[in-house]
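J.: Sharing a structure with you now.
The values are calculated or read from the model by the stated rules, or taken from the named source; none is laboratory data. Not measured: the values here are computed from a predicted model. Heads up, the Cβs are rebuilt from the backbone with ideal geometry, glycines too, and the neighbour counts pull from every protein chain shown. Side chains included, ligands, DNA and RNA excluded: accessible areas come from the protein's heavy atoms. Shrake-Rupley method; radii C 1.70, N 1.55, O 1.52, S 1.80 Å.
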Amino acid sequence: KKQYPHVHIVVGGSIITRWASEYNQLAPLFHQCFDSLIVFEGERPLTMLARALENKESFKTVPNLIYFENNSISVNSVEKPLDIDSLPTPVFDDLPFNQYLSPFLVLPILTSRGCYWNKCTFCDHSFIYGNRYSVRSVQNVASDLKKLSYRYKTRYFAFSDEAVAPERMRQLCIEIQKQKLNLAYVTAIRFESAYEDDELVESMKASGLKAVFVGFESGSEITLSAMRKGTSP
C-alpha cells in the first residue's frame, strides 16, 4: 500500500467474512493496508466495485462492501450470490506458476460451494456461503476442466470442495469419462457407506482420481456423536 498508494486494494474471502462483524476493530488498517473489504461470495460485488472505481462513482450501490468514508466505516447490504452455474470458468492468468514447489502444475477447481452434510459442530465452513450448499452442473464442471487443461497445458487438478457426495461423485466420473478427459486429480470425501460400492470406486479410478482426503477426527463413538459427524468408528 505504501508503494502504490493510488491503487485501491480490496480484500475478501473466508477470513475477511468471519471478521466482518468486528469491522470497527479493523478501522486502523483502512488506507494503511487496504481500502475496502468484500464479504461472502464476491463475483458480482467485485465487478461492481471495479466499475465504480473506473467511473469514479459512489460505492453505496456495491453490495457486500465495507469501506472507509467520511472518517467512518460504511457497511453496505449483503445480496444473494449469483447462481453457481452462471459463473464463468476460472482464470489463473499471470500467476507465477514457476514459483510453486510442485513438479507439475496443479490447478484448484470448485465443483460445489458449501458442504452437503453441514452438521458438524466444530465446522463453520458453510458460513461464508450463507449456510447454503450449491453445485455446479457436471456438464459445466467437465467443460471447466477441459478449458483449463487446454489453456494451461496441464492434466492435474485438485477439487477444492469441502467434500464431494457419493452420488455427485458418480455423476462427475461419468461425465469426465463421457468427455474423454485425460485427468489426474484429488478430492476430499466423507466416510459414506456408498463408497463401499466397487462399481463407484472403479469409476472414480477410471476418471483419473488418484487420491482422496478423508476427515477422521476421532475413533470415539461418544466424540463423533458430540461432533454430529454422522459416522462411526
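J.: Out of the residues in the stretch 103-139 that are over 15 Å from the mean Cα position of the chain (by Cα) and open to solvent by less than 50 Å² (accessible area, probe 1.4 Å), state the one that is nearest to residue 150 (Cα to Cα).
T.: The residue in question is 105.
J.: Among the candidates 201, 212, single out the residue that is open to solvent by 60 Å² or more (accessible area, probe 1.4 Å), modelled with pLDDT of 95 or more, more than 23 Å from residue 97 (Cβ to Cβ) and touching a strand residue (DSSP E or B) at 6+ places or on another chain (Cβ under 7 Å). Give the derivation first.
T.: Values: 201 fails: touching a strand residue (DSSP E or B) at 6+ places or on another chain (Cβ under 7 Å).
The match here is 212.
J.: On the given criteria, is residue 45 in contact with a strand residue (DSSP E or B) (Cβ under 9 Å, 6 or more places away or on another chain) and either polar (S, T, N, Q) or not in a loop (DSSP other than H, G, I, E, B) (or both)?
T.: Considered against the rule, which asks whether it is in contact with a strand residue (DSSP E or B) (Cβ under 9 Å, 6 or more places away or on another chain) and either polar (S, T, N, Q) or not in a loop (DSSP other than H, G, I, E, B) (or both), residue 45 comes out as yes.
J.: Of the residues 72, 149, 102, 134, which is of a type outside the set (Val, Ile, Thr) and closer than 21 Å to residue 43 by Cα?
T.: None of the others qualify; the one that does is 134.
J.: OK, next. Can you tell me how many residues in the stretch 62-76 are part of a loop (DSSP other than H, G, I, E, B), modelled with pLDDT of 95 or more and either open to solvent by 20 Å² or more (accessible area, probe 1.4 Å) or of a type in the set (A, V, I, L, M) (or both)?
T.: Of the residues in the stretch 62-76, 2 are part of a loop (DSSP other than H, G, I, E, B), modelled with pLDDT of 95 or more and either open to solvent by 20 Å² or more (accessible area, probe 1.4 Å) or of a type in the set (A, V, I, L, M) (or both).
J.: Would you pick out the residues in the stretch 115-161 that are touching a strand residue (DSSP E or B) at 6+ places or on another chain (Cβ under 8 Å) and among the aliphatic types (A, V, I, L, M)?
T.: Once the filter is applied, which keeps residues that are touching a strand residue (DSSP E or B) at 6+ places or on another chain (Cβ under 8 Å) and among the aliphatic types (A, V, I, L, M), the stretch 115-161 yields 135, 141, 145, 148, 158.
J.: From the set of residues in the stretch 77-96 that are in contact (Cβ under 8 Å) with a residue 24 or more places away in the chain and not in a loop (DSSP other than H, G, I, E, B), which is most open to solvent (accessible area, probe 1.4 Å)?
T.: That would be 85.
J.: To continue, here is another question. How about the stretch 1-21: which of its residues are under 21 Å from residue 80 (Cβ atoms) and either touching a residue at least 12 places away in the same chain (Cβ under 8 Å) or surrounded by 13 or more Cβ atoms within 10 Å (Cβ to Cβ) (or both)? Lay out the reasoning, then the answer.
T.: Looking only at the stretch 1-21, we keep the residues that are under 21 Å from residue 80 (Cβ atoms), and these are 10, 12-14, 16-18, 20-21.
Hits for the stretch 1-21 are 10, 12, 13, 14, 16, 17, 18, 20.
J.: Further question on the same structure: Every residue in the stretch 22-58 that is modelled with pLDDT under 90 and open to solvent by less than 90 Å² (accessible area, probe 1.4 Å), please.
T.: Within the stretch 22-58, 23, 26, 27, 28, 29, 30 qualify.
J.: Something else now. Return the residue satisfying two criteria in turn: it lies in the stretch 152-179 and is among the acidic types (Asp, Glu) and either open to solvent by 80 Å² or more (accessible area, probe 1.4 Å) or touching a helix residue (DSSP H, G or I) at 6+ places or on another chain (Cβ under 8 Å) (or both), and of such residues it is modelled with the lowest pLDDT.
T.: First, the residues of the stretch 152-179 that are among the acidic types (Asp, Glu): 161-162, 167, 175.
Going one step further and asking which of them are either open to solvent by 80 Å² or more (accessible area, probe 1.4 Å) or touching a helix residue (DSSP H, G or I) at 6+ places or on another chain (Cβ under 8 Å) (or both), we end up with 162, 167, 175.
Values: 162: 91, 167: 96, 175: 97.
Applying the filter and picking the extreme gives 162.
J.: Do you know which of the residues in the stretch 174-232 that are in contact (Cβ under 8 Å) with a residue 40 or more places away in the chain and under 28 Å from residue 149 (Cβ atoms) is farthest from the chain's Cα centre (by Cα)?
T.: 208
J.: Kindly indicate whether any position in the stretch 79-99 is under 30 Å from residue 150 (Cβ atoms), in contact with a Ser or Thr (Cβ under 6 Å, 6 or more places away or on another chain) and charged (D, E, K, R). Please lay out each step first, then the result.
T.: Of all residues in the stretch 79-99, those under 30 Å from residue 150 (Cβ atoms) come to 81-99.
Still in the list and also in contact with a Ser or Thr (Cβ under 6 Å, 6 or more places away or on another chain): 84-85.
From what's left, charged (D, E, K, R): 85.
For the stretch 79-99, residues under 30 Å from residue 150 (Cβ atoms), in contact with a Ser or Thr (Cβ under 6 Å, 6 or more places away or on another chain) and charged (D, E, K, R): present.
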